[in-house]
Each structure stands twice: as structure tokens, then as C-alpha cells.
Amino acid sequence: MTVIVPPAPAVQTTRSASAAGGHGPVGWMVLPALVVFVAFGAVPLLGVLGLSFTTWDGLGVIHPSGLTSWHAVLADPGLPHAMWVTFKIMALSWLFQTPMSILIGVFLAGHQRYREFLAILYFIPLLLSAAAIAITYKALLDPNFGLGAGLGIPLLQQDWLGNSTLALGVVVFVVSWQFIPFHSLIYQGAVRQIPRSMYEAAALDGAGRVRQFFSITLPQLKYTIITSSTLMVVGSLTFFDLIFVLTEGGPGDATRSLALEMYKTGFQANLMGPASAIAVILVVVGLLVALLLRRLGGRGDESQLEGA
Amino acid sequence: MATVVAPEGGRVDSAAAPPRSRRRRTDEREPRNWVGGAAGWLWLVIVVVPLYWIVITSFKTRANYFTTNPLAPPSSPTMENYRFVLDQDFARYFVNSVIVTFGAVVPAVAVSFMAAYAIVRAGEGRFLRATNSMFLLGLAIPLQAVIIPIYLIIIRLQLYDTLLAIILPSIAFAIPLSVLVLGNFIRDVPRELFESMRMDGATEWTMLWRLALPLTRPALVTVGIYQGLTVWNNFLLPLILIQSPEQRPLPLALWAFQGQYGINVPAIAASVVLTALPIVILYAVGRRQLLSGLTAGFGK
Amino acid sequence: MELGQLSLSRRNFLGLSAAAAGALALSGCGSSGPGQAKSGEATYWFLSGQPQQDIRQGAVDAFDKKNPDGTIKATTFQNDAYKTKIKTALGAGQGPTIIWGWGGGGLKSWVDAHQVEDLTSWFGSNADVKNRLFPSSFGPATIDGKIYAMPAETVQPIVLYYNKRVFDKVGAKPPQSWGDIMALVPKFNGAGVAPFSLAGQSRWTNMMWLEFAFDRVGGSEVFQAVFDGQPNAWSHPASIQGLTMVQDLVKANGFVKGFASIVADQNADQALLYTDKAAMMLHGSWTYASMKTDGGDFVTGGHLGWMNFPPVEGGKGDPSDTVGNPGQYLSINASASAEQKDIAKKFFSEGVLQDAEIKQWIDTGGVPIVNGADKELASSDDAEFLGFVYDTASKAKVFAQSWDQALSPTAAETLLDNIAKLFQLSITPQQFADSMNAVIGK
């Protein structure tokens, strides 16, 4: 008797080929992304390293020159200054943005009615390009033609962008203006995920609002704080657009962060070799900071819902 | 915004997230949160004042601007600033920005989705594991650091001063985060669904189209919008790689415009409003999607 | 998964990919810009900023009309952006055919990178073109004995402008010496007027102060030593004295509040002078033109005064010395096609500084570098100013080129940096000298 056996599904053969939970040939799908990323991401990264060992003025031929450019960069007092400026911007923006964002996030989480309206408005700074924001503030803060001059309030009429200390403060403020809304929303989302039962239990134990905030809210936000801080810190390391348009690193070099130092050395002083060396430093510092923050924050595997 | 190192737990853990209904009407039963409230409203004022100023200034005449109170609305609003800005070819710069954004975001999301799918489906293999690690490391590379070699590469490819020069690096830099986020969402698709499709004889490509794509659509849109915003507002790439005025995208055009007409504050205000308007409108229209996608992804 | 949902997403996807493909196709067409001009067309880049921009464009338009087969397409750039852009463009092989510049160190960096044509022989065979122009204007165009640029436009010494209205109001007289300047500062501050307007963010504007301070104190040899590459030239006592003097002026609030964030390109510094917010301003002679157009009746009503920078008591410098731009310079891109180079050369011999252009420059208060122009100056509305500029430029014992153009771009950038810090009072004159000594000859 002949039995008509349906042909075994083609899948069978490939299924046996792969050990863990069968899948078909899928590796090729990663190729387009890989190609583009390697061409414009990985290769330039290696390129920057390579260029730091050359001397090139951007116009002529690229001369390999060993450690010359590195010597020039490491001996230049401009480098530690740029690193100091970058550190100041990083630290100050974090110090200003984090408490504000947490406070606002907590507030937003609790007030359903205004939430929608506020959320819309809060997002607008995030939508604007750094160039647009910097240009707006430049005009706003002009000591002779800006808001301060128009209103006639001496306090507002400071030489905001012309005074070294003030200029740095302005940069931190404008950065915060753009990103506090974003971080507030992150915290708001996180706060809304804290189970009410924890607060209820604490209230039953007699804890007041402030105590609840410090003992429940903050610890529960730990991973969110790490995430948000990582974004803030790593982001502020590479700020370029905003500072470039607002102050171009000035006055003098008061706001010349690493990224700006790199641009000026390369594209204005014609020293592409040293500029590449600075770029390598930028990448290394960024990696270190990100790793450090990850280390500080623990692995993030434990559940935070114990006791809920 | 710059690139970011993998945030802790980017995945939406559906089991752990308590349903929204659990937090209800807190403000009715608890004492008011004064500090938070004060901070919230104060910051609202700080956010709004520059925006308000820019909008009303854009409607004032140049002469008026210097003589009247900067915070007062214009007594006789005029459209001359907008006309002036539009005369300066802003429509063209807008088109350039649109071309760059579409040309970068669609391919970026597409190839990232494919790559994420491959990594999720077959990530145990050495090749894919290495690729995944490379993408993750890519999150830490700032665009500013590698701009000089990119300039060199673009010149060699003879793409200097074309919009493609902005598009290609933008795609590359969008890939790491997109792959990460999309990967997380694909991971949430239950394995059984894949298994059953396989037993029906589907190929991986078919499964990508018919299974993964529809189920991760919200993530695709969110990632697309986020990358779109980043590419639209990019300033450094055009600054270095574009020279002809006709090829300028909006942020660069805005800067050049400010350089030339900076004293004419109302005109500058009008140019800022015009460049921001398309995005703001899009945002007002597509708001919900972006918000839910972002907060879900970063919640825990 | 309903079929409807599937087909919808497929439709969306197709739509999106069509849009993307369209976008990519459009983006791939390069610009028909400077680097890829149509054949039979040369490109030309120059600075924006009125009224000079219109005059340059006018010369191009007039040439194009007479030469429909070989036209020139012009693109304008803002001053600071131009200095960077021209470098990236040349480096990318996409520079314009005709390159506008200031000669000196910048030109030398292009020569060293073989980016510009050697015009010595061309000038040899077109002697009539050469002989029309001021001989002194060829200085900054000559590198290692060869001529690499065509001098054009106007001679631009730096002038000390003052607002007669404000002086009358306060009852002061124009300064005749450095001591007078320092004495005037508290007088004006007391009256609520800034003594000097200054666009500090542009930095080369601050540099003008140092140029004069050095010259008046120690003579032109002080900077010449730097230019010649003598070691430690910046530590010369006259140099230190000049640096200190300028810092004294800053400390005494001699400059307008917020000067460090004012940019020259927008003419904000000039605005301060003609709106009576500042009493004096040290700036290039080209600003006369924009003050005339934008300042209402400030210039036409005779409220603008001008003079050469006064001497410093006890200084060795000749009070007739001046600094500035002996001309502007047009170079030809070495990588342009032969056709484009021919168009450029034709423009040089037939299109630059023709009668119409000469008249336009004179009308804006500029002295074109054409021999015999002085006869035309007397009949212009601005005869007084023009006569002053012409005399200053031609009678100066030494007409030094602006430092940031004389030096190489690397040294210039360090110079401008240090100048900014000096004016911020964040470094001492000695530190300035040390930093600059380190880049002598670079």
C-alpha cells in the first residue's frame, strides 16, 4: 500500500542545523547596517586615531609624523583648560538639572489634570535645534539690544556673554533650559511606576511627605537617576552646536570645551593632527565616563519592587 | 542630543510595570507638594518666557523693537519679517532639511530594524555577537570626535557639498541606538509565535515582515521620530560639509542668516519661528506616540 | 494579524521607501555650486556685508554682460565663516576659481599647498594692468618674490573715528596723545557714554589697538621682528609696554559694556557710535560707508570726525605710520580648469577696478588702489574723508599689514586667542608674550 506522505517541511533540515531554538539564515540582514556603520562610524574612529599621528593643515598633503602632534597637544596649556571647562559644564549642568528634573518629575506625576498641558509645553525646547536656541538667547541677552536693556533692569543687563564666569553660567542655563523638560518626563514616567502600596505602608508607619520622598521615591528612582545622569553627562561632554553658536568658545576661552577646542585647532588654526589627537581624547574620556557611571550604578539586575 | 550608553533595562518589562490605574487622584487626598509645585510652575515660566518673546518679537518692526518694551506684544503686528526671511530662500532650505531627514531616517530605521531582527533571532553566533557589541560601542562615539575623518572620506567619495554628505553619516550614527531600542522590542515578541510561523514554512524574511514588523510598529515610529528630530536639527555636519548656500539645511541657514542680519532682531526672531514651526506642528499632531514610546522605554 | 493591518503597513512602508528613494535621488545631485560650475563659467567667492558686497557684485554683473560666453558666478560669505570655509573648500578640491583674500600669511598658506596660480609672468605680459595700481599694494601679494594675487578694491588704513555731537555735549576735544585718551575715559563714563565702541568678539578688532600701541611706542620694527621670525620678539620692552597700556584702558572701562560679545559683522559696534552711545571707535576705513548708509544723518550731517591714531608720549614710533589693509587680493585657484582660469584673467584685466567700480568705491568713502584716483576724490561728496584716507595711506612712513593677515593662519589663530584673553584681563602681558613667542615662525 502506498502511503502518500506529505513532503517534510523544508524547515526540518535547517532546524536541525542550529542548536538553540531554530531560526533560518538571518545573518545577511545585518549587513546593510554593518556596512554603513563601518564606513561612517568605525572607519572614522580609526581614522581619527591614525590622523593624530600625522601633520596636516587641511589643505595640502597629509604627512605622517609620529608623535609630533601628540606632543603639541599634550604640551599645550589649552588642553587642560578645555578639559577643565568641559568638566565644569558637565558638573554644573548635572547639579542644576538633576534636582530640578526630579522635583518637577514628581510634581508632574501627581497632577493628572495639568499633566497633559504641561507636557506639551515642556517638550517644545527639546524640539528646537541647538542653533535656534542659541540664537534666541544671544539676542535675548544682548547687553545693549536685548531683554535686559529693553526692560531697564540693571540685574538683567549684565554682560552675560562677555564676562567669563557669566558666560559659563549662561551655557549651563541654556543647556538646562533645553533638557530639563526631557529629564522631567523621564522621572515622571519612573515615579508613576512606583507602587502606591509602598507609600501607603510608609504613611501608616507615620512617615511624612518629606520622609517618604527621601526614603521611598529617591531610592526607587536609583536606576532612573543613573540612566538620566548618564545621558546628561555623556551628552554634555560633546556639546558643540549650542556653545559654538552662542559664544564660539568665548569670551577668550571661557567656554571652550574639548569639542570646541578640537574644532578650532583643526578648522581655524589649520592643525588637523593635533585636532585629531584631541578628538581621540574626547572619545576616550567619553568611554571612561560612561563606564564609570555604569560601574557606580551597579548591574541593574535586582528588582526594586521588594516590599511592595 | 548626543549618543548614549545603553541605559539600564531599556526593555519594557510588562510584568513589572504596574497598571496606570493604580495611581489615582493623588492630589485629592494628600497635602500639596509645595516644593515640587513651585519648581514646576517656576520652570514653566522660564520655559515660556523666551518662547513668548521670540514669537512676539517676530511680529514687531525693526524700529518699533528698539523703542518699545520687549515683553509687550506688538502694537501694530506686521508680517514683514516673515516675508523678508522667506525672500531669503528659506523655502529652499526647508526642502533641503526635508530631503536630508527623510533620506536618512527611513534607511536608518529600515536597516537598523533588519539588523536588530538578525541579532535577536540569531544572536548567539560569533559574527552577530561581535556586530552587536560593535553597535553598542558605537553609542559612545560622539559625532564631533570623528568629523575630521568623515570630512576626508566625503571628499574622497566626491560627495562634498551634497546633501548625501549629511545623510550617510547621519544614518551611521542613528544605527546604534535604533538597533538597541528596536532589538528590545523585538525581544518582547513571544518565541512561540516565531515557532509556529516556522512550522508553517515561513522564511526569516517573511517572519520579519509579517510578524516582527506589525508588532513593533510603535517602536519603529518612536525611533523614527526621535532620529528624525536629531537629523533635522543637526548642525555640525552641514557646517563642515556644505558650502553652497543652495544646499544648506535649516539650522545652518539660520546661523548664516543670524551672522548677516543679527542686529535686525525681529527678523532673526521670525527666522527662528519659521525653522521651529514645522517640527512644533508635527509634534502637536503626533504627540502621544512619541511620549508613550519614550517614557515606556526609560521607565525602569 | 488581519490582512488589512498587514497591507496597511506594507503600503506605508512602500510609501516611505518611495519618499526616501526620492530624497536620496535628489540629494545625490550635487550642487551646481562653486566646485561644479557649468562649463564656460568661473566661480568667485567674496565677503558679504554692504555696501562692499554690492560693488563687487556689480563688477561681476558688468563683466558677465560683456562676456556672455565666459561668465562668473559669485557666492558671498560672512567674514569669520569665510576664513574657515575657504580652507575646507580648497582642501576638498572645491574651491572657487577666483579667491578673495587679504594676502600675506593666508595667501602664503595657499601657496605652500600649491592651491593658487603664480601670476608673475601674467603680470609681466600685462604690464598695463600692473602699472595702473598702487605699487605698495603688491607687497602682500608677493610671496618669495613671486606674485600670487591681483590687488583690487581699496586701501584701508585703520582710522580713529569720533562722534562730534558727543564731544560737544561733554565739552571735550579729540585726543592728541595717549595721555589725552586716558584722560577722556572718565569724562565720558561720567556722562553715561562709552568712551570707545568695540566689537570684541571678532578679536581682530581688538588687535587694531595693539597694532597701534606697538607702533607708537616702539616703531614698526617691533612687529617686523616678529614677522621676520626673530626669537622672543614679543618680549621686547616696547611690546610689553604696548600690551600693558591696552590692558590699562580696559581696566579703566574704556570700552563699551559688553564689548566681548559684540560681533563686527553685524556693524553693531558702528551702531553704538552713531546712536551716540559711544564717543570714539578705532576701526577700518571701510566702515565709513556703512555708517553713511545706516547712520541717518550722522555722516552726511557732519557729525563724524576722524584722525590718525595719536602718538604715545615718549614713544619712538612715527605718528604718520598706519596699519590696515593695503588692498584686497584676488587669487586664481590652481585646480580650476584652463577655461575658468582664462575667464578669471580676463576679469582681472578688463573687469576689476573699471571706471564704474572706481566711482562706486569713491562714493562709499573708499580710496581705490588705482594710480591717479586722487584727482577723482576731490569732486566726491566725501572729499574730506577720502582726502584724509589717501593722505594717510600714501604719506605713511610705514603702512603695516594687519597682523592676523600677515602671519600664518596657525600663528594668527594663537594671536587672536591671546588677544581675546588679554582683553578679558585673564592673562598678563608677560604670559601673552610667552605664548606668542612659542609660535614665532610657525
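The values are calculated or read from the model by the stated rules, or taken from the named source; none is laboratory data. Every value quoted in this text rests on a predicted model; they were computed, and no experiment measured them. A quick note on method: Cβ atoms are made from the backbone with ideal geometry, for glycine too, and the neighbour counts reach across all protein chains shown.
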Hey, A:H63 modelled with pLDDT under 90 and either closer than 30 Å to B:I171 by Cα or at the interface with chain B (Cβ under 9 Å from one of its Cβ atoms) (or both) or not: no
Is there a residue being in contact with a Pro (Cβ under 6 Å, 6 or more places away or on another chain) and over 28 Å from C:Y390 (Cα atoms) anywhere in the range C:100-119? yes
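Residue-wise test of (1) crowded, with 22+ Cβ neighbours inside 10 Å; (2) in contact (Cβ under 8 Å) with a residue 60 or more places away in the chain; (3) within 14 Å of another protein chain (Cβ to nearest Cβ).
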position	(1), (2), (3)
C:Q53	no, no, yes
C:A59	yes, yes, no
C:K87	yes, yes, yes
C:G93	no, yes, yes
For the range C:163-173, check the following and say yes or no: at least one residue is touching a residue at least 12 places away in the same chain (Cβ under 8 Å), in contact with a helix residue (DSSP H, G or I) (Cβ under 6 Å, 6 or more places away or on another chain) and among the basic types (K, R). no
Go through the residues of the range A:54-72 one by one and say whether even a single one is within 22 Å of the chain's Cα centre (by Cα) and surrounded by 21 or more Cβ atoms within 10 Å (Cβ to Cβ). no
Residues that are under 21 Å from A:V38 (Cα atoms) and modelled with pLDDT of 85 or more: does the range B:190-206 have at least one? no
Of the criteria (1) away from every other protein chain (no Cβ under 14 Å); (2) modelled with pLDDT of 90 or more, which one C:W286 fails: (2)
Residues satisfying the stated conditions in the range C:265-314, i.e. of a type in the set (G, A, S) and over 21 Å from C:K173 (Cβ atoms): C:A268, C:A271, C:G284, C:S285, C:A289, C:S290, C:G295, C:G296, C:G314
Please indicate, with yes or no, whether at least one residue in the range C:295-308 is among the hydrophobic types (A, V, I, L, M, F, W, C) and out of contact with any Phe, Trp or Tyr (no Cβ under 8 Å at 6 or more places or on another chain). no
Please verify whether the range A:112-132 includes one or more residues that are surrounded by fewer than 22 Cβ atoms within 10 Å (Cβ to Cβ), at pLDDT below 75 and not in a helix (DSSP H, G or I). no
Note on C:Y329: of the conditions (1) more than 14 Å from chain A (Cβ to nearest Cβ); (2) at pLDDT 90 or above; (3) surrounded by fewer than 21 Cβ atoms within 10 Å (Cβ to Cβ), unmet is (3)
Name the one entry in B:L193, B:L182, B:L152, B:L177 that is within 11 Å of chain C (Cβ to nearest Cβ) and surrounded by 18 or more Cβ atoms within 10 Å (Cβ to Cβ). B:L152
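Can you confirm whether the range C:221-237 contains a residue that is touching a helix residue (DSSP H, G or I) at 6+ places or on another chain (Cβ under 8 Å) and hydroxyl-bearing (S, T, Y)?
For the range C:221-237, residues touching a helix residue (DSSP H, G or I) at 6+ places or on another chain (Cβ under 8 Å) and hydroxyl-bearing (S, T, Y): present.
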Taking helices (runs of 4 or more DSSP H) that do not extend beyond the range C:359-411, which have at least 2 residues that are under 19 Å from the mean Cα position of the chain (by Cα) and in contact (Cβ under 8 Å) with a residue 24 or more places away in the chain? C:383-395, C:403-406
Please work out if C:S177 is within 28 Å of the chain's Cα centre (by Cα) and under 20 Å from C:N437 (Cβ atoms). no
Hey, can you tell me all the residues within the range B:91-139 that are under 14 Å from B:T230 (Cα atoms) and surrounded by fewer than 18 Cβ atoms within 10 Å (Cβ to Cβ)? B:V98
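Do we have any residue at all in the range C:238-252 that's outside any helix (DSSP H, G or I), over 18 Å from the mean Cα position of the chain (by Cα), surrounded by fewer than 21 Cβ atoms within 10 Å (Cβ to Cβ) and of a type in the set (S, T, Y)?
Taking every residue of the range C:238-252 in turn, none turns out to be outside any helix (DSSP H, G or I), over 18 Å from the mean Cα position of the chain (by Cα), surrounded by fewer than 21 Cβ atoms within 10 Å (Cβ to Cβ) and of a type in the set (S, T, Y).
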Residue among B:R121, B:R126 that is facing another protein chain (nearest Cβ under 7 Å) and among the basic types (K, R): B:R121
Given A:G162, A:G150, A:G169, which one is modelled with pLDDT under 75 and not basic (K, R)? A:G150
Out of C:D128, C:D118, I need the residue that is more than 9 Å from every other protein chain (Cβ to nearest Cβ), surrounded by fewer than 20 Cβ atoms within 10 Å (Cβ to Cβ) and farther than 20 Å from C:G145 by Cβ. Which one? C:D128
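A:S197: farther than 30 Å from C:S408 by Cβ, over 22 Å from the mean Cα position of the chain (by Cα) and surrounded by fewer than 24 Cβ atoms within 10 Å (Cβ to Cβ), yes or no?
yes
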List the residue pairs whose Cβ atoms are under 9 Å apart, where the first residue sits in the range B:262-284 and is closer than 13 Å to B:L229 by Cα, the second is outside any helix (DSSP H, G or I), and the two are 6 or more positions apart or on different chains. B:T275/A:L128; B:T275/A:S129; B:A276/A:L128; B:A276/A:S129; B:I279/A:L128; B:I279/A:S129; B:I279/B:N233; B:V280/A:L128
Please specify each residue of the range B:28-42 satisfying the condition of being surrounded by 13 or more Cβ atoms within 10 Å (Cβ to Cβ), farther than 15 Å from A:R211 by Cα and either modelled with pLDDT under 60 or within 7 Å of another protein chain (Cβ to nearest Cβ) (or both). B:G37, B:A39, B:G40
Those helices (runs of 4 or more DSSP H) lying entirely in the range B:104-194 with at least 3 residues under 20 Å from the mean Cα position of the chain (by Cα): B:126-138, B:164-187
Looking at the range B:213-224, is at least one residue among the basic types (K, R) and within 15 Å of B:A116 (Cα to Cα)? yes
Take the conditions in a helix (DSSP H, G or I) and either under 29 Å from B:Q260 (Cα atoms) or assigned by TED's automatic domain parsing to the domain that holds C:M291 (or both) and apply them to C:D80. Does it pass? yes
Of all residues in the range A:223-244, how many are of a type in the set (S, T, Y), touching a Leu at 6+ places or on another chain (Cβ under 8 Å) and either buried (at least 24 other Cβ atoms within 10 Å of the Cβ) or within 8 Å of chain B (Cβ to nearest Cβ) (or both)? 2
Pick out, from the range A:172-263, the helices (runs of 4 or more DSSP H) lying fully within it that include 1 or more residues that are modelled with pLDDT of 85 or more. A:196-204, A:222-237, A:241-246, A:258-263
